[in-house]
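Structure first, then comments.
The values are calculated or read from the model by the stated rules, or taken from the named source; none is laboratory data. For clarity, every value in this text was computed on a predicted model and none was experimentally measured. Reconstructed Cβ throughout: ideal geometry from the backbone, glycine too, with neighbour counts over all protein chains shown. For accessibility, only protein heavy atoms count, side chains too; no ligands or nucleic acids. Shrake-Rupley method; radii C 1.70, N 1.55, O 1.52, S 1.80 Å.
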Amino acid sequence: MNVVVVESPSKAKTINKYLGKDYEVFASFGHVRDLPAKDGSVRPDDDFSITYEVDADAKKHLTPIAKACKDADALYLCTDPDREGEAISWHVLEALKESKAIHKGLKIYRVTFDEITKKAIVEAFKHPRELDMNLVNAQQARRALDYLVGFTLSPVLWRKLPGSKSAGRVQSVALRLICERDEEIEQFISREYWDIKALLSNESGNPLTTRLVEYAGEKIEKFTITKQDQAETIVAALNKKSYQVASIEPKVVKRQPAPPFTTSTLQQEAARKLGFGAKRTMQVAQKLYEAGDITYMRTDGVTVSADAITEARDFIGKSYGNEFMPEAPRVYKTKAKNAQEAHEAIRPTDVTRTPQSMSGQLDADQAKLYDLIWKRMVASQMENALLDQVIVEIAATDKQAVLRASGSVIKFEGFLKLYQEGHDDEADEEGESRLPNVKPNEKMAVKEIRPEQHFTEPPPRFSEASLVKKLEELGIGRPSTYAAIISVLQDRGYVRLDKKRFIAESLGRLVNAFLVSFFEKYVEYGFTADLESKLDDVSAGERDWKTVLREFWGDFIAKIEESKELKVSQVLEALDHLLGAYAFGNSVEGKDPRACPACKTGKLGLKIGRFGPYIACSNYPECNHKAQIGDMGGPTMTDEQGEEFKLPRTLGKDPVSGEDVSMRKGPYGVYVQLGESKTPKRASLFKTMKPETTTLEIALKLLSLPRELGMHPDTGKPIIVNNGKFGPYLMHDGKFTSLPKEEDPLSIGINRAVEVLARAPSKTGGNEALRVLGKHPADGGDVTIFKGRYGPYIKHGKVNAPFPKDASLDTLTLEEAIPLLAARADAPAKKSFRKAAPKAKAEAKPKAKAAAKPKAKKAS
């Protein structure tokens, strides 16, 4: 009997169909060992020795594998054909050795394949190999680097920048990209420019739209005409001239098809054409791969096998005709920085299985992605598209002006018959319009000449597609990491997706400013890309993995130690330098953006509190005006019409007080505020509300909370509706009852409130932990999540910390929980207003007397 180990049960099921009865296929369910989530799992002082552990779930999956190995002849490790897959195989083997499941006679083989087809698997099993420790060590080095950065840099953030969550080796660089793009947009100064369009007609009366490209011997560039009066003067002169065709330049333009997909280009194109995020794309592609429909989906190579090329060309000839098949097969080479090209491009395993023939076998997402992959692969081997392009220049008879028109028509479709690549943030290409037939020296009549005003626009924010493209261009991250990088940034609350574009949250801007100020080297694009290259060298056997760790760690830990001496004033100065305009806004018509809106005489400045940096007035304590970072300069949001607006945003005036009602953004979400007093009334938006649809009417209702609905008919006590940390609730007789999700707290009446209270379940908290997050790095005690009266909370020893309202029970990590516990532990104890019991007083008296006895002094 032979034991085969793969990662997933669906992959195991597919492979099991192709292997005979002498093979038993098991799934490891991904990684079986990992670094324990506590300090000390990687030990730089012990030559970077590493401790791994097998978690409880992995033990359940390893047990049947270990049992089967004891009576097996051979063990085939068939995990994915990349560093991650090689590491999983190694971890499986090491875990089996630890459980003593590997007997002396057991033969151990490593088998890899890029596609799960019978032909590929049978062939792969004929050529097994040993584990490639270069790949394993490259993965170990990457995991150790990420661990060391996370467990040494994150605590610095928690201490010096309260409220921050974590820092990562690659995620911090991606965050910098997004923040710098936001800064570029904020600092962008729009420039005015004009161009001049002329609508002409030929002798047959056919219209032709042209653009002025030369005037009075000067070429018309983008900023040649910058004022309206200048444009109107030129238009007036042009209207007095006569025109004729000066030249006609026809040419044939070739367009080549794009290569088959890599991981990066698949994520980009799926985002553009299907609206899929990177994570969703990879999940769908994983299912297609495991079902044997496509080749391995984590690759930066664009080459495909000779068999696949032959198959595609045969299909093209039979389905589209020989004119759509080029004379020679197309061979592609990648242009991505640091590409390894260890695997084929992503392609269908059999191009004769068209998307139409797969109908009914795939779910909706799989069908869409398969269609994209199939078309891209087939089109990559099709003939070029040919376009007839014509450029017509029309000159004034006095030679003082030249007008130009261009257009093109498709002469031969080629690959465009099947597929056309999408683009990000690019203007429509000129020359796609059809032109009328014109002849040399033909006279042209003027129908209309008009000036058009334009303004330069800032660069667009990153979409998922353009962010992945930029990371790949810079050589940061690898195909398997892009989706995880994007997910982590969103999960940490550092960035958000708005209208499919990334916007850095205030917390993300603060973290980035801190890292750029004090750890700039480690968020530099070149440094991170160079480190990726070194890891590639490890996988190729050209560099020792521990040497890479030593070179990184020496300078890094020195910087960490240096940061411990940072003073609050230094941190504030650095944040103010980088975030001044964002935090306080820009000067407008002489108005000082740092003037306190409450007392009018104080200056606003940055301060650091338990929950992070905030804005406060210099006249404190006389003026206790406070605001969150981002309230002044404000984050950018998008309304329902797609128009961007800044927070804070004035919604209108309160009809009672006459004060402004504004919407703002704080660390816990968007809220509305009444006036600019020292202690303004505020109210958070409900989770179901959208800032872009919040009106003055809704804001006033929110500010009216808490609202008394009336008296309970049974108790005669008031029922009050309010919004709290865990959502809207009713308060009655000292007890709190959460409102159902479908209930509107702004319109609920007394009768419905009585009904909700009557149906409310009794509130008894359980004593069993909902989840154990791990061991606390300080004392090794468990950090757990319990269910309390008002919702879940985090517990460690005697310290209970509130559960973040924007977090999930399933995804909250130990790293995120530790600073919350630390903040709670540092909080001043609440005063108790209960009177001490008589017994306690009686016991306290003897102790007081004993303490009053004189003690002998120690010799000095």
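Data for the structure
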| read-out | value |
| --- | --- |
| Among 157-169, 802-814, the order from most to least packed when residues are scored by Cβ within 10 Å on average | 157-169, 802-814 |
| Inter-part distance where the stretch 701-747 and the stretch 604-630 are each reduced to a Cα centre, Å | 32 Å |
| Structure-derived Rg and Dmax of the Cα atoms in Å - corresponding label in [x] 30.4, 94; [y] 34.2, 107; [z] 33.8, 120 | [z] |
| Set of the stretch 592-606 residues, backbone N closer than 12 Å to the point 7 Å along the Cα-Cβ line of GLU622 | 599-603 |
| For the chain, cysteines whose Cβ has no other cysteine Cβ within reach (under 4.7 Å) | CYS69, CYS78, CYS179 |
| Additional length obtainable on full extension of the chain from VAL213 to LYS251, 0.36 nm per residue less Cα span | 11.7 nm |
| Relative contact order (%) - the chain, alpha-carbon pairs under 8 angstrom, separation at least six | 11 percent |
| Linear extension gain, ILE189 paired with LYS222, 0.36 nm per residue minus alpha-carbon span | 10.3 nm |
| The stretch 58-129 versus the stretch 170-211: alpha-carbon centroid distance in Å | 55 Å |
| Beta bridges by DSSP in the stretch 1-128, antiparallel share as percent, to the nearest 5 | 25 percent |
| Protection-proxy order for peptides 477-487, 387-397, 551-561, each taking the mean of Cβ atoms within 10 Å per residue, highest first | 477-487, 387-397, 551-561 |
| Dipole axis of the stretch 644-728 (+1 Lys, Arg; -1 Asp, Glu on Cβ), positive-most option in PHE726, MET663, LEU685 | PHE726 |
| Overall Cα dimensions of the stretch 236-300, principal axis frame, Å, largest first | 70, 29, 17 |
| Ellipticity estimate at 222 nm from DSSP helix runs (n ≥ 4, -39,500 (n - 2.57)) divided over the chain, nearest 500 | -11000 deg cm²/dmol |
| Once the Cα gyration tensor of the stretch 113-160 is diagonalised, semi-axes √(5λ) in Å | 41, 13, 4 |
| Given charges at Cβ of Lys, Arg, Asp, Glu: the chain dipole, positive-most of GLY40, ILE615, GLY710 | GLY710 |
| Share antiparallel - DSSP beta bridges, the chain, percent rounded to 5 | 90 percent |
| Point-charge dipole on Cβ atoms (K/R +1, D/E -1) for the stretch 225-301, about Cα centre, debye to 20 | 100 debye |
| FRET efficiency, 1/(1 + (r/R0)^6) with R0 60 Å, evaluated for SER10 and ARG610 via beta carbons | 0.80 |
| Accessible area per residue, Å², the chain with all protein chains present, probe 1.4 Å | 52 Å² |
| Efficiency of FRET between GLU130 and LYS399 - r from beta-carbon atoms, R0 56 angstrom, step 0.05 | 0.10 |
| Fully extended contour minus Cα-Cα distance, from GLU94 to ALA595, at 0.36 nm per residue | 174.0 nm |
| Estimated FRET transfer efficiency when R0 is 35 angstrom, pair THR688-ALA827 (beta carbons, to 0.05) | 0.70 |
| Paramagnetic reach from GLN420 (point 7 Å along Cα→Cβ, amide N under 14 Å) across the stretch 248-269 | 255-258 |
| Highest to lowest packing among 492-498, 523-529, scored as the average C-beta count within 10 Å | 492-498, 523-529 |
| The chain - charge dipole about Cα centre, Lys and Arg +1 at Cβ, Asp and Glu -1, debye rounded to 20 | 4820 debye |
| Inter-site label distance for ARG434 and ASP34 at 7 Å from Cα along Cβ, in nm | 5.9 nm |
| Carbon plus sulfur fraction of accessible area for the chain, probe 1.4 Å, in percent | 50 percent |
| Charge-dipole axis of the chain as Lys and Arg at +1 and Asp and Glu at -1 on Cβ define it, positive-most pick from SER808, TYR522, CYS599 | CYS599 |
| Label-point gap, in nm, between ALA237 and LYS119 - each point 7 angstrom along Cα→Cβ | 6.9 nm |
| Euclidean distance between Cα centres, the stretch 494-524 to the stretch 376-399, Å | 43 Å |
| Under the Karplus curve 6.51 cos²θ - 1.76 cosθ + 1.60, θ = phi - 60°, whole-Hz ³J(HN,Hα) for the stretch 177-184, x wherever Gly or Pro sits | 4, 5, 5, 5, 5, 4, 5, 4 |
